[in-house]
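Written below as structure tokens is the structure these notes are about.
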Amino acid sequence: MKKGKFLAISYILSMAAAMMLLSPVEAAGHSGSKEAGMDRTVAIVNHHDARAKFHEDTALEMQARAREQKRLLERYETKSYLYGRRAQDLQAHTDALIRKLDRSAKEHVREAALHRRMAVQCAENAFCAPNPKAELC
């Protein structure tokens, strides 16, 4: 019985603490002021910039791994006698991995470009749309 009461009380206290933490966040998000809207827009632009940087870094990493695999494939092809029966399997596996890495790198470059465009559009809409006489436009 004591264990059940302890669990119930700890659950209630944790929920109360969580609600107290959420209240300022909700108040700031629903204030309706222009500054709150601008802060949210800046956060969204920063988020898109961060996502674009992540995708660009990942694409560069994938391209580096693909170059490494291409060097390895070249070694497998020129010195296949060192690998015996496994040479063709290694070549096929490495070739498939190169295609996969290239395709993944292209997808990440495309995603990075998309997030860069979304950040620019968001920044243009936020700084230009509400006030057409603003100095930023």
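The values are calculated or read from the model by the stated rules, or taken from the named source; none is laboratory data. All values reported here derive from a predicted model rather than from experimental measurement. Methodologically, a virtual Cβ is constructed for each residue, glycine included, from the backbone with ideal geometry; neighbour enumeration extends over all protein chains shown.
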Q. Do any residues in the range 72-98 that are in a loop (DSSP other than H, G, I, E, B) have Cβ atoms under 8 Å from those of residues that are of a type outside the set (S, T, N, Q), where the two are at least six apart or on different chains, and which pairs are they?
A. Tyr83/Tyr76; Tyr83/Leu90
Q) Which of the residues spanning the range 87-98 are of a type outside the set (S, T, N, Q) and touching a helix residue (DSSP H, G or I) at 6+ places or on another chain (Cβ under 9 Å)? A) Ala87, Leu90, Asp95, Leu97, Ile98
Q. How about the range 62-86: which of its residues are among the polar types (S, T, N, Q) and touching a helix residue (DSSP H, G or I) at 6+ places or on another chain (Cβ under 7 Å)?
A. Gln63, Gln69, Ser80
Q.
If Glu74 satisfies all but one of (1) within 29 Å of Val120 (Cα to Cα); (2) modelled with pLDDT of 95 or more, what's the number of the condition it fails?
A. (1)
